[in-house]
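Accompanying notes for the structure given below.
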């Protein structure tokens, strides 16, 4: 058994239930694990985790192993856990834990890992495939044309006044492919209500704009962008209680996981359908990664010829 696996097993199986986060994160095996991942930055990183936990009463009472596993995912992705920075968060969540003697559901406090929109943008930039990527609120008068098939047009010369009417995310790849996704405030609220049980509290309540920007960014990337290994890990672990960071064993507290194998082909199909000329299509040729995508590419090539 490797040193890494030993540390994970120790954290999962040998942690007393009532151990305090500060005591747990100062254990030699836990510090060694963070040092293995982050080197000299590990002590500062552990301190930042403990500060986040200390500032949230519910999180301080959460299962300490779930806090540790969430922190490990963030460390693996090399994203800071700092609510003010907005790259990644550790959020308390009430998870069902059997039933009491009266037959009512019991709950225990656990930690859930969440990415912020800045985290998704950071991981996209690291992949080396993006020329640019950004997300922004849209205000009244800035949305000129709205057509999900042909794209969205904005006029950012119009002054930002009042509350946003929606949110948009955009990327352009080095191969020239580009895509924009826009959602109205109402669309974002409907999405949050449907897919997040924590919509009425937590980050959705304290920083709606950050969660809205994350929503359009994540949906844009997951539907249309090529995903690096890091990005796949981010999509898999976002909004999940991490059971084991090493094996990416997770429990989805809020949403069902994206099926990455099928989604990759769905994303490629959407990109192919979006190409209106042979020149645009040929920019995607280098992105083909399996036979299904090759068939989709050739079908569109024949249609355009």
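Summary of computed values
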| read-out | value |
| --- | --- |
| Among 80, 21, 148, residue whose mean-square fluctuation peaks in a GNM of the chain (springs only between Cα atoms under 10 Å) | 148 |
| Potential lengthening between residue 223 and residue 194 on full extension [0.36 nm per residue; Cα-Cα distance subtracted] | 8.6 nm |
| CD proxy at 222 nm, helix term only [per DSSP H run n ≥ 4: -39500 (n - 2.57); per residue of the chain; nearest 500] | -13500 deg cm²/dmol |
| With Cα atoms, 0 to 90° folded angle of helix 291-304 axis to the chain main axis | 20 |
| Folded to 0 to 90 degrees: helix 3-13 orientation relative to the chain principal axis, Cα | 70 |
| Relative exposure of 131, 33, judged by other C-beta atoms within 10 Å (fewest first) | 131, 33 |
| For 279, 246, order by how many other beta-carbon atoms lie within 10 Å, fewest first | 279, 246 |
| Top of 60, 32, 225 by mean-square fluctuation, Gaussian network on the chain, Cα under 10 Å | 32 |
| Per-residue Cβ neighbour rank within 10 angstrom, fewest leading, 66, 286 | 286, 66 |
| Potential extension, residue 134-residue 206 segment - 0.36 nm per residue separation minus Cα distance | 23.7 nm |
| Using alpha-carbon coordinates, inclination of helix 260-273 to the longest axis of the chain, degrees | 20 |
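Just so you know, all these numbers are worked out from the coordinates, no wet-lab data involved. Source: prediction; values computed, not measured. Note: ideal-geometry Cβ built from the backbone for every residue, glycine included; neighbour counts use all protein chains shown.
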